[in-house]
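Heads up: the structure comes next, in structure tokens.
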Amino acid sequence: MVSDAIRYTSAYRNVSEMTAKRDLPIMMAGHQPSLFHSGVWFKNFALSHLASENSCLAINLVIDNDVASGSSIRVPSIDPMTGRYRYQVVRYDRFGGGVPYEQTVIRDRQQFDRFDREVLKAVLPIVQDPSVVPLWKHAREAVERCGVAGCALAQARHALEGEIGLSTLELPLGVLCRSTAFAQFTAIILQDLPRFQNIYNSETTHYRDVHGIRSHSHPVPNLMSEDQWYEAPIWIYSDASPTRRSGWIKRQADQLIISDRKSIEFRVADDSHGLIDRFVQMNSSELKIRPRALLTTMYARLVLSDLFLHGIGGGKYDQLGDRIARRFFEIEPPQFMVVSATVRLPGRNASDWNEKIRQLHRVIRDTQFQGERFLEPANLDADLVEKKRLLIAQIPDQAKKPQWHRELTNVNEKLQSQLIEYRGSVRAELAEAQREQASQAILKSREHPFCIFSLQKLCSVFSEMLSQT
């Protein structure tokens, strides 16, 4: 793995410093090759920092077997008509999404090449110096090398990280999966799949029960079985058939049949050496066998690294992964670390409007039930206000109370009718405050892609965070 990571990373940045660390303990993280938000990018800074502080080699896995959600990002911009913040979609390709990142070939190079200019135009004047400008210089070079969106985005980000001093290696999961070691690890599970599936499903159900999750697809779906076929925690696809499908296993005599039960099927000898050799031979552009999420981090933590850094989502899911690994492998899984951060663009917080909006809601309610409070601003009939004051001051006994209540209701209705125009103005003020709050909520979202932030600002914020660890 280390040799592959050095070879892969050296294609686009200097790795001499990391090569000298090849025999050190390994600290690892991983994420999809997307333009993720700045909190995810912080994990890469933490990986480099913690590895340096603890004399480790830092390797980041590019999880390129996940399905790409599209070929665009949403960025905050200013609506020229209203002056408020809004989302604007900026594309780096006309197509994309629906297939794994390693299959997302760039179709429109002109669109890709002008992406940084379109992002810059969209975010001005919110951000004057977004990091997409230096990032995309590397992206144009990367896309010439590989032509694949996931590869280009990951290499561009990693090259930029090298420029600002981060010391890490990277390796796509797709490269890692072609190793004999991965084949050996997967073979252990495939040859004992019924037992693994039983543990996987029972622990997943337990996780849902403990956390009150009703959805059968969260945190992961149960593995299925049907007509002696067992669904495995792997994906199968190829360059010719890039849609990712579940891998299924069926034992027949002295063979294992591995299939997506659609268009791909092959047979291997049901023994460890035969399965491993055939697995390595086949795992190429013609056939891609990739682990699902829990299996990916299980392999990374149990086999590849001495410490794995998760984000919050991965950390939650690996609570489940630990329970599965503990029962199936009969070991105590190593601990992992969870790293996360939130960085927002400057400006008022949406919560700053909460109090004003509460006050305006209260005013609207009071115009219906305590109209006398608005004698001056609404120019109410003073006699009506005085009549209500007297009624409230002289609440009668039970016998006369129905008549008193009718009179009070009549006064309230008359006051309400005189407050229609005033109430309308307050409602208009409320609507304006709510629009401003929604506008600020767009600006202050933590989900903005890292490439719209100032590189200098992010480096400064991340450095301050890490100095406190």
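The values are calculated or read from the model by the stated rules, or taken from the named source; none is laboratory data. Values in this document were obtained by computation on a predicted structure and should not be read as measured data. Using ideal geometry, Cβ is built from the backbone for each residue, glycine included, and neighbour counts are taken over all protein chains shown. Only protein heavy atoms, including side chains, enter the accessible area calculation; ligands, DNA and RNA are left aside. Shrake-Rupley method; radii C 1.70, N 1.55, O 1.52, S 1.80 Å.
Looking at the stretch 112-146, which of its residues are assigned to a helix (DSSP H, G or I), over 27 Å from D239 (Cα atoms) and acidic (D, E)?
Matches in the stretch 112-146: D116, E118.
Might you check whether a residue that is among the β-branched types (V, I, T), open to solvent by 30 Å² or more (accessible area, probe 1.4 Å), part of a loop (DSSP other than H, G, I, E, B) and farther than 18 Å from N44 by Cα occurs anywhere in the stretch 147-165? Break it down into steps so the answer makes sense when it comes.
Of the residues in the stretch 147-165, the ones among the β-branched types (V, I, T) are 148, 164.
The next check asks that each one be open to solvent by 30 Å² or more (accessible area, probe 1.4 Å); those that pass are 164.
Subset that is part of a loop (DSSP other than H, G, I, E, B): 164.
Now drop any that are not farther than 18 Å from N44 by Cα, which leaves none.
Scanning the stretch 147-165, I find no residue that is among the β-branched types (V, I, T), open to solvent by 30 Å² or more (accessible area, probe 1.4 Å), part of a loop (DSSP other than H, G, I, E, B) and farther than 18 Å from N44 by Cα, so the answer is no.
(1) of a type in the set (A, V, I, L, M, F, W, C); (2) surrounded by fewer than 16 Cβ atoms within 10 Å (Cβ to Cβ); (3) touching a residue at least 24 places away in the same chain (Cβ under 8 Å): which one isn't true of C56, the others all being true?
(2)
Given the conditions (1) within 20 Å of R290 (Cβ to Cβ); (2) assigned to a loop (DSSP other than H, G, I, E, B); (3) not small (G, A, S), and given that L24 satisfies all but one, which numbered condition is not satisfied?
All conditions are met except number (1).
Within the stretch 340-355, restricting attention to residues that are assigned to a helix (DSSP H, G or I) and among the hydrophobic types (A, V, I, L, M, F, W, C), which residue is nearest to L466 (Cα to Cα)? Give the derivation first.
Taking the stretch 340-355 as the starting set, the residues that turn out to be assigned to a helix (DSSP H, G or I) are 350-355.
Okay, now just the ones that are also among the hydrophobic types (A, V, I, L, M, F, W, C), so 350, 353.
Details: A350: 27, W353: 32 Å.
Among those that are assigned to a helix (DSSP H, G or I) and among the hydrophobic types (A, V, I, L, M, F, W, C), it is A350.
Yes or no, residue by residue, for (1) more than 22 Å from A159 (Cβ to Cβ); (2) under 22 Å from the mean Cα position of the chain (by Cα):
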residue: E53; (1), (2): yes, no
residue: V62; (1), (2): no, yes
residue: I73; (1), (2): no, yes
residue: D79; (1), (2): yes, no
residue: R84; (1), (2): yes, no
residue: Y92; (1), (2): no, yes
residue: P100; (1), (2): yes, yes
residue: I106; (1), (2): no, no
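Do you know which residues across the stretch 96-111 are outside any strand (DSSP E or B), touching a strand residue (DSSP E or B) at 6+ places or on another chain (Cβ under 9 Å) and not acidic (D, E)? Even if it seems obvious, please write down each step before you answer.
Initial filter on the stretch 96-111 (outside any strand (DSSP E or B)): 96-99, 101-104, 106-111.
Right, trim to touching a strand residue (DSSP E or B) at 6+ places or on another chain (Cβ under 9 Å) and you get 96-99, 101-104, 106, 108, 111.
G96, G97, G98, V99, Y101, Q103, T104, I106, Q111, listed by residue number.
Just to be sure, is S439 of a type in the set (S, T, Y) and either open to solvent by 60 Å² or more (accessible area, probe 1.4 Å) or not in a loop (DSSP other than H, G, I, E, B) (or both)?
yes
Residue under question is A232, and the condition is that it be closer than 27 Å to E286 by Cβ, touching a residue at least 12 places away in the same chain (Cβ under 8 Å) and within 29 Å of the chain's Cα centre (by Cα); does it hold? Explain how you work it out, then say what you get.
Values: closer than 27 Å to E286 by Cβ: yes; touching a residue at least 12 places away in the same chain (Cβ under 8 Å): yes; within 29 Å of the chain's Cα centre (by Cα): yes.
Taking the combined requirement at face value, the residue satisfies it.
Please work out which residue is most open to solvent (accessible area, probe 1.4 Å), limiting yourself to the stretch 244-290 and to residues that are of a type in the set (G, A, S), under 15 Å from P100 (Cβ atoms) and at pLDDT 85 or above.
S246
The conditions are (1) basic (K, R); (2) open to solvent by 40 Å² or more (accessible area, probe 1.4 Å); (3) touching a residue at least 12 places away in the same chain (Cβ under 8 Å), and R301 fails exactly one of them. Which is it?
The single condition R301 does not satisfy is (2).
Would you please name the residue that is farthest from Q359 (Cα to Cα), looking only at residues in the stretch 395-424 that are of a type in the set (S, T, N, Q) and surrounded by 12 or more Cβ atoms within 10 Å (Cβ to Cβ)?
So the residue we want is N410.
Within the stretch 27-51, restricting attention to residues that are of a type in the set (S, T, N, Q) and outside any loop (DSSP other than H, G, I, E, B), which residue is farthest from L345 (Cα to Cα)?
Ranking the candidates gives S48 first.
When you scan the stretch 114-125, do you find a residue that is over 26 Å from F462 (Cα atoms), touching a residue at least 12 places away in the same chain (Cβ under 8 Å) and surrounded by fewer than 21 Cβ atoms within 10 Å (Cβ to Cβ), even just one?
yes
Tell me which residues, restricted to the stretch 32-50, are of a type in the set (A, V, I, L, M, F, W, C) and in contact with a Leu (Cβ under 6 Å, 6 or more places away or on another chain).
Matches in the stretch 32-50: L47 only.
If a residue must be open to solvent by less than 40 Å² (accessible area, probe 1.4 Å) and either part of a strand (DSSP E or B) or touching an Asp or Glu at 6+ places or on another chain (Cβ under 7 Å) (or both), how many such residues does the stretch 59-83 contain?
11
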